[in-house]
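Report on one structure; see the data block that follows.
The values are calculated or read from the model by the stated rules, or taken from the named source; none is laboratory data. These figures come from a predicted structure and were not determined experimentally. Don't worry about glycine lacking a Cβ; one is built from the backbone with ideal geometry, like all the others, and counts go over all protein chains shown.
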Amino acid sequence: MDYGKITNNVLHWNYRGFTEFPLQRLHGEEDEITDIYLKENLISRIPSDIGKLNNLESLYLSGNDITELPREISKLTRLKCLDLSGNRLQYIPDEIGEVRNLKFLILDENEVRELPLRIAELRMLRYLSVCDNNLQWLPQRPVYNYHHCEFRFWRNPNLKTIPYSLWYHMFRGQQTRSLNIGCLSYPRCQETCNSTRRILRLNQNSTECTLNYDFPAIYNHIIVTSVVPSLFELCKRKFYEIISDAAKKLTPTPRSIYCDFYDTGYNENNNNVKSLQESLNHCNINSNEHNDENNNKKDLPKSNKESSKEFDDILLTTKRKGSCVPKDMIEEYFYYLPRFIKNDLCNGPLSRCENVRCKKPIFDFVYYEFCIEKLILIAASEDIILNAAFCSKSCAEAWKPGKNIVHWKFV
């Protein structure tokens, strides 16, 4: 059989025993392919030149032996459906957030421990499923639009809690499509202690129990008293707010009750972005340098012409992608920042303060609280523990009234 023969731009290559992704069999016809079915083969990796499939819209790779998703997946800009269920994936790269047209992402039956923060950039996403994995925590906002996307994460036994805002927007008063969620069970007795984990001692209604709970590794400072966040943390919070606001102003999003903000669209006279650019241009340590009479290097401010060109570049990028995110702003204007700072700003904060009057981004210093709410199943309802992240103790205290708070401490 000629496996390279293409019919109607769709490749039906299920159950063929392939051990490698058969990209080389396309014989230069990569641009013609729109759908690839490679279910139940023996493929162990996706090639880094997967971006050659410029017009690919659907990729089905369930039931293989894939351990890693290449970062070059971001080049599949037309991709709408990606099925990677039944493989051995352990993580999803941040670049998944650049597959802007993705509508269906299926990651069931893998070994994924956490979801990338940038997955929330997928504005078109309508279905996300990560059932039967090794998830230990969920981001506060795993999907961009809570109301238009179905999110499933059942049967992740290491998942003990979910963020309060995720429950509030997606599961509060709503019946889940599951008889048994297989996670989030409130502990009825003492759990076996594991020295590799942080142990919480929960106290609810005079009943005390311990819970093995993994805080996200990115949280190096979990505040249990009125400790003030570091100056570096405060600077990142403020800087990210400025960058995020500028990106939002450039995004032509229609007015919707489901959006967190209302945009009026981008325009060439966007004062928010221009003022940001002008105020921070002098920080560029990589260009426009000259030596003074003492041979000390100085940065020259960019000319109006150069500033205008950079602003035009970000406008063109926004129009091409259909939206602008903080990563676009960082890469265009602040590429000279140290990598560890750029990574934090490009990926975004792990959480935002749960206090609706605050909503500051939280990168490292976080104040935690826990509460109990109900998850409604088809046959019954279950008490589950929700975690709530705050930028400070004062915000946490303002949030507590009316909540079924669980008192906790580190063991």
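Report yes if Glu57 is out of contact with any Gly (no Cβ under 9 Å at 6 or more places or on another chain) and assigned by TED's automatic domain parsing to the domain that holds Glu72, otherwise no.
yes
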- When you look at Gly97, is it surrounded by fewer than 21 Cβ atoms within 10 Å (Cβ to Cβ) and assigned by TED's automatic domain parsing to the domain that holds Asn64, yes or no? no
- Message: With the requirement that a residue be over 25 Å from Ile218 (Cβ atoms) and modelled with pLDDT under 95, what does segment 126-149 give you?
- Response: His147, His148
- Please work out if Ile106 is within 12 Å of the chain's Cα centre (by Cα) and crowded, with 19+ Cβ neighbours inside 10 Å. no
- Give me the pairs: first residue in segment 325-336 and touching a residue at least 60 places away in the same chain (Cβ under 8 Å) and closer than 13 Å to Leu250 by Cα, second residue among the aromatic types (Phe, Trp, Tyr) and in a helix (DSSP H, G or I), beta-carbon distance under 8 Å, and six or more apart or on different chains, which are they? Pro326/Tyr240
- Would you be able to tell me the number of residues in segment 101-126 that are basic (Lys, Arg) and part of a helix (DSSP H, G or I)? 1
- Task: Select from segment 134-161 the residues that are crowded, with 19+ Cβ neighbours inside 10 Å, in contact with a Phe, Trp or Tyr (Cβ under 8 Å, 6 or more places away or on another chain) and not charged (D, E, K, R) and list them in ascending order.
- Result: Leu135, Trp137, Leu138, Pro142, Val143, Cys149, Leu159, Thr161
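This table checks each residue for (1) over 27 Å from Cys346 (Cβ atoms); (2) in contact with a Ser or Thr (Cβ under 9 Å, 6 or more places away or on another chain); (3) without any contact (Cβ under 8 Å) to a residue 12 or more places away in the chain.
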{"residue": "Ile36", "(1), (2), (3)": "yes, yes, no"}
{"residue": "Asp49", "(1), (2), (3)": "no, no, no"}
{"residue": "Asn54", "(1), (2), (3)": "no, yes, no"}
{"residue": "Ser62", "(1), (2), (3)": "yes, yes, no"}
{"residue": "Ile73", "(1), (2), (3)": "no, no, no"}
{"residue": "Ile106", "(1), (2), (3)": "no, yes, no"}
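This table checks each residue for (1) modelled with pLDDT under 70; (2) touching an Asp or Glu at 6+ places or on another chain (Cβ under 7 Å); (3) not in a strand (DSSP E or B).
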| site | (1), (2), (3) |
| --- | --- |
| Arg188 | yes, no, yes |
| Ile199 | yes, no, no |
| Leu211 | no, yes, no |
| Pro216 | no, no, yes |
| Tyr219 | no, yes, yes |
| Ser226 | yes, no, yes |
| Phe232 | no, no, yes |
| Cys235 | no, no, yes |
| Ile243 | no, no, yes |
